[in-house]
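*Asks:* One structure is given below, represented as structure tokens, and several questions about it will come after.
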Amino acid sequence: MESEAILDGELGEEIATRRRSHSFSDDYSVQKTNDDATHCKAAAVQLGYYKDEFLNRFITEDVIRRDPEINIGYWARVASISTAVDRFVLRHQGKCQIISLGCGFDTLYWRQKAAGKHVQKFVEVDFSSVTARKIKHIMKPGQPNLVEYFTEKPKDRQHADLHAGDYHLVGADIRQWNELETKLEACGIDANLPTLFLAECVFPYISVDATDKLLKELAEMFQCAVFLNYEQINVTDRFGKIMEENLEHRNVQLPGFAACVNEDTHIERFVRNGWKEVKVFDMNEVYNSVLNGETTRIEKIEKLDEMLLVRQLLLHYALVMAINDRRPTASAEEGNGHAAAGSLNLFASSAPSSQTPV
Ligand SMILES: C[S@@+](CC[C@H](N)C(=O)[O-])C[C@H]1O[C@@H](n2cnc3c(N)ncnc32)[C@H](O)[C@@H]1O
């Protein structure tokens, strides 16, 4: 029972209304973070940090130029996630599914398809107000035609859900497990198929309890899953505090920051919710190893001669990789599309594993 339900009469009604409007305004500010992320990515694309021919389809306003360290930060974010996703898809030869939680206007599905990389199902989830806007952009006329990439003609349900063969976009609050589970079922998700979950700058906006519940349910439901979580780390130092204050000025609360204190807090969150192996890669480490084939080009784009600010920014973001493989064949040799659990670390070949595997 909701706590306000035990207060009857006018007082109960007033408290209920105040609580609802507070939570709506918080959620609205959180949803706006998607616009910011989309615009920052577009600014990096415009300067040539990376290619994304699809992003413009989701932009309706002028893109403002950002500082070089922000552009590099966004490039590193997109490039590292794409690298990990590519390796997962290749390892499973496409016999897998991807579920992106808090997807915003991300274009990963189209970038993957344009590069000839297919998975059996690609599901994106966000608040229904965000997915409804994304659907409008997907369906509007113009080039490139986003609908052409789907394996089936799109069916739009209640303006916030879209089902189109290999692509699904659904509106759900990921803090509400029952709602999310129902939506995943409507997409025809197969809990026995290797599954990659993505959360790119999403969990900071969600309470640790709610994220715990979500991670636990996913670990129980899926037989073989990898979770890629990109978000802040080292948030209790001066830089981290400034980052938090900046967001709070925009009315964005960060209840999930408690799990972003250091590597241990990131690892513990997954472990206590049933994920078997967890690794944390801080973005400096990723920049120096996984991405080092491109960094010379990247640093030339805006003729960066001072890397201090970039380093400081990267020190405050991490890519967390968690694995949970409960298939009976999990310990078997790789083959027939069944990769062993330990080999699912998607940076294994290129990043030193200085973190303690769990
Ligand atoms: C900073 S944006 C990132 C968007 C996208 N992942 C990216 O990196 O471009 C955070 C996204 O998480 C979504 N989000 C936050 N809390 C959510 C929740 N409880 N349920 C569904 N989506 C949520 C927001 O609506 C927003 O689109």
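*Asks:* How much net charge surrounds Asn178 when only the other residues with a Cβ under 15 Å from the Cβ of Asn178 are counted, with Lys and Arg +1 and Asp and Glu -1?
*Replies:* Around Asn178, the charge tally is -2.
*Asks:* Out of all DSSP beta bridges with both ends in the range 3-326, state the antiparallel percent to the nearest 5.
*Replies:* 50
*Asks:* Taking the Cα centre of the chain as origin, sum charge times position over the Cβ atoms of Lys and Arg (+1) and Asp and Glu (-1), and report the length of that vector in debye to the nearest 20.
*Replies:* Dipole about the Cα centre, nearest 20: 1160 debye.
*Asks:* Out of Leu304, Leu162, Leu198, any idea which swings most in a Gaussian network model of the chain, alpha carbons joined below 10 Å?
*Replies:* Fluctuation is largest for Leu304.
*Asks:* Could you run the Karplus curve 6.51 cos²θ - 1.76 cosθ + 1.60 with θ = phi - 60° over the range 137-151 and give me ³J(HN,Hα) per residue in whole Hz, x for Gly and Pro?
*Replies:* Going residue by residue, I get 5, 4, 8, 5, x, x, 10, x, 7, 5, 5, 4, 7, 6, 7 Hz, with x marking Gly and Pro.
*Asks:* Across all directions of projection, what mean area in square nanometres is found for the Cα convex hull of the range 205-271?
*Replies:* Numbers: hull surface 19.0 nm².
If you wrap the Cα atoms of the range 205-271 in a convex hull and average its projections, you get 4.8 nm².
*Asks:* Taking +1 at the Cβ of each Lys and Arg and -1 at the Cβ of each Asp and Glu, which of Ala191, His118, Ile70 sits farthest along the dipole of the range 3-326 towards its positive end, judged by Cα position relative to the Cα centre?
*Replies:* His118
*Asks:* I want to verify a result. In a Gaussian network model of the chain, Cα cutoff 10 Å, which of these has the top mean-square fluctuation: Thr38, Thr236, Thr296?
*Replies:* Thr296
*Asks:* Separation between the Lys117 and Glu294 pseudo-spin-labels, each 7 Å from Cα along Cα→Cβ, expressed in nm?
*Replies:* So the label points at Lys117 and Glu294 sit 1.1 nm apart.
*Asks:* Of Lys41/Lys140; Lys32/Lys113; Lys32/Lys153, which sit over 25 Å apart, Cα to Cα?
*Replies:* Working: Lys41/Lys140 21 Å; Lys32/Lys113 27 Å; Lys32/Lys153 29 Å.
With Cα atoms farther than 25 Å apart: Lys32/Lys113; Lys32/Lys153.
*Asks:* Report the relative contact order of the chain, percent, no decimals, based on alpha-carbon pairs under 8 angstrom and at least 6 residues apart.
*Replies:* Worked out over the chain, it gives 16 percent.
*Asks:* Rounded, prolate or oblate for the chain? Axes are the square roots of the Cα gyration tensor eigenvalues, ordered a ≥ b ≥ c, and the cut-off for rounded is a/c under 1.5.
*Replies:* Rounded is the answer for the chain, as its axis ratio a/c remains below 1.5.
*Asks:* Give the long-range amide H neighbours of Tyr317: residues separated by 5 or more places, or on another chain, with amide H under 5 Å away, using H modelled in the peptide plane at 1.01 Å from N.
*Replies:* Long-range HN contacts for Tyr317: Ile233, Met283.
*Asks:* In deg cm²/dmol and to the nearest 500, what is the mean residue ellipticity at 222 nm of the chain if only DSSP H runs of at least 4 residues count, each as -39500 (n - 2.57), divided by the residue total?
*Replies:* Roughly -13000 deg cm²/dmol at 222 nm, from the helical runs in the chain.
*Asks:* Could you give me the ³J(HN,Hα) list for the range 264-276, computed from phi with Karplus coefficients 6.51, -1.76, 1.60 and θ = phi - 60°, whole Hz, x at Gly and Pro?
*Replies:* Residue by residue, the range 264-276 yields 4, 5, 5, 5, 4, 4, 6, 4, 5, 10, x, 8, 7 Hz.
*Asks:* Would you work out the charge dipole size for the range 274-334 about its Cα centre, treating the Cβ of every Lys and Arg as +1 and the Cβ of every Asp and Glu as -1, and quote it to the nearest 20 debye?
*Replies:* My answer is approximately 180 debye.
Read the figures in this text as sums done on the coordinates, not as results from a lab. All values reported here derive from a predicted model rather than from experimental measurement. Here Cβ is always computed from backbone atoms with ideal geometry, including for glycine, and neighbour counts include all displayed protein chains.
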